[in-house]
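Here the structure comes first, spelled out in structure tokens, and everything after it is commentary.
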Amino acid sequence: MSDLAIRVNNISKLYHIGAKQKRHDTLRDSIMSAFEAPKRWFGRNGQAAEEDLWALKDVSFEVKHGEVVGIIGRNGAGKSTLLKILSRITKPTTGSIEMHGRIASLLEVGTGFHPELTGRENIYLNGAILGMRRAEIDRKFDEIVAFAEIEKFLDTPVKRYSSGMYVRLAFAVAAHLEPEILIVDEVLAVGDAEFQKKCLGKMGDVAKEGRTVLFVSHNMHAVTALCHWAIQLNKGMIVRRANALEVVEQYLGETLNEVARTEWRGSEGDENVSLRKTMITTQNGSPFTTDEEVNIVIELEVLREVYALVVAVEIWNVRQQLLAYTAQDDKESPPSQVLRPGVYEWQLTIPPNTFAEGTYIIRFDVGLHFRKRIIDGQGTLRVDLHNTSGIGRRYGSNVWTNLVRPDWKWKCAITET
């Protein structure tokens, strides 16, 4: 028996976009439309017309039994299209696929479920679709229900389930009914943090049992922790295929290059508040080193009197893990401060030797407490910390994986009225 689970050979997928369906009033109109169709499909030089989009172009790879493969890339790169082709939901325009083994797919919330059937009935329906006998499903039934944690609603039609309940049951069914190939899209992002952790652990167990997993995710930490190797897609083509850590680091490096600034100026916000400047400074200036104090400056213009304004800073590492979160109102919730119109400057001070050598992303979160988020990602900065004193050299930024809420110093002053 071959150890090959999946072979994808020059898969391409063409979509026709932007073209409206024309109504034909007469038989003559229909005949003339048929003769003109080649003109619409191809330009004068035989090239695809402007409304044609290649979602995938000449994609080829092989996956062995027992391998866990990550598929990463920006939105619109072709990841979901590839999984739909592998799941036989849609056909490729060109190319061929070989699949050796039963396939279970989890691509969208509720995929494969009949909304009028109960959770119990859908478990048996999905098992039958996978080609399992009732006795096999019975053997796994209690395990599926326990994993999904929906026993109380087992005999309720799934159309009344929340999106989280849908995902719990769908993943439990897909993972426990022993498919040889498990295909999972970003749908896990719908579940809560504890359930996501549980799902990732289950996918790891599935792989250890010798089954194959294809995993699409924007969670780079999950990809590096779970996958043996990874594929990066860009505009429908494979641009990188290697060890998962190598692919992720290069992909994030490309993303980081877009945010290579330690100072931002602009105007972002709403009718209440406008973000005017964000900046990272130290006493000695650039390059930034691990053994000196780092100051993060946020300048906001308050356009009209606001109550309970929250200004927060998030610090992320290059693997898109949130390392630290701090807000100026941490000691007071809800904040009682009323700010009158004017320009205000907040300064956050991070003590020396807080972070190890590495690259960090600084994001800003500004809003009205429990009412409205005004700034979410605008003004993002990047800082490269270099080690000069020896402290922290032993551990790079990659080992910082836990969220902390540090008691760092905040200062606020009005600079213009």
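Here are the numbers for this structure:
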quantity	calculated
Residue satisfying condition, being in contact (Cβ under 8 Å) with a residue 24 or more places away in the chain, outside any helix (DSSP H, G or I), of a type outside the set (Val, Ile, Thr) and in the same structural domain as residue 194 (by TED's automatic domain parsing), within set 116, 136	116
Matching residues, the stretch 205-221, being touching a strand residue (DSSP E or B) at 6+ places or on another chain (Cβ under 8 Å) and either among the acidic types (Asp, Glu) or without any contact (Cβ under 8 Å) to a residue 40 or more places away in the chain (or both)	206
Residue within the stretch 326-333 that is buried (at least 17 other Cβ atoms within 10 Å of the Cβ), farther than 24 Å from residue 417 by Cβ and either modelled with pLDDT of 85 or more or among the small types (Gly, Ala, Ser) (or both) present	yes
So residue 178, is it crowded, with 17+ Cβ neighbours inside 10 Å and at positive phi	yes
Checklist (1) within 16 Å of residue 115 (Cα to Cα); (2) without any contact (Cβ under 8 Å) to a residue 60 or more places away in the chain; (3) crowded, with 21+ Cβ neighbours inside 10 Å applied to residue 156, failing item	(3)
Number of positions in the stretch 227-249 that are more than 15 Å from residue 67 (Cα to Cα) and of a type outside the set (A, V, I, L, M)	7
Any hit, the stretch 266-276, residues being surrounded by fewer than 17 Cβ atoms within 10 Å (Cβ to Cβ), charged (D, E, K, R), modelled with pLDDT of 85 or more and not assigned by TED's automatic domain parsing to the domain that holds residue 372	no
Lone unmet requirement of (1) farther than 30 Å from residue 231 by Cβ; (2) surrounded by fewer than 16 Cβ atoms within 10 Å (Cβ to Cβ); (3) hydrophobic (A, V, I, L, M, F, W, C) for residue 260	(1)
In the stretch 377-407, the residues that are modelled with pLDDT under 85, at negative phi, part of a loop (DSSP other than H, G, I, E, B) and not β-branched (Val, Ile, Thr)	387, 389, 393, 394, 395, 396, 400, 402, 403, 405, 406, 407
Evaluation of residue 105 against (1) in a strand (DSSP E or B); (2) among the hydroxyl-bearing types (Ser, Thr, Tyr); (3) surrounded by fewer than 17 Cβ atoms within 10 Å (Cβ to Cβ) (one fails), failing number	(3)
Some residue of the stretch 74-87 being at pLDDT 90 or above, in a strand (DSSP E or B) and surrounded by 14 or more Cβ atoms within 10 Å (Cβ to Cβ)	no
Filtered residues of the stretch 279-298 (kept if within 15 Å of residue 380 (Cβ to Cβ) and either surrounded by fewer than 20 Cβ atoms within 10 Å (Cβ to Cβ) or outside the structural domain of residue 382 (by TED's automatic domain parsing) (or both))	279, 297
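Listed here are the residues, each with its yes/no results for (1) of a type in the set (Ser, Thr, Tyr); (2) within 30 Å of residue 94 (Cβ to Cβ); (3) assigned to a helix (DSSP H, G or I); (4) in contact with a Gly (Cβ under 9 Å, 6 or more places away or on another chain).
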position: 195; (1), (2), (3), (4): no, no, yes, yes
position: 199; (1), (2), (3), (4): no, no, yes, yes
position: 223; (1), (2), (3), (4): no, yes, yes, yes
position: 250; (1), (2), (3), (4): no, yes, yes, no
position: 285; (1), (2), (3), (4): no, no, no, no
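The values are calculated or read from the model by the stated rules, or taken from the named source; none is laboratory data. Worth saying up front: this structure is predicted, and the values here are computed from it rather than measured. Cβ sites come from the backbone with ideal geometry, for glycine too, and all protein chains shown count toward neighbours.
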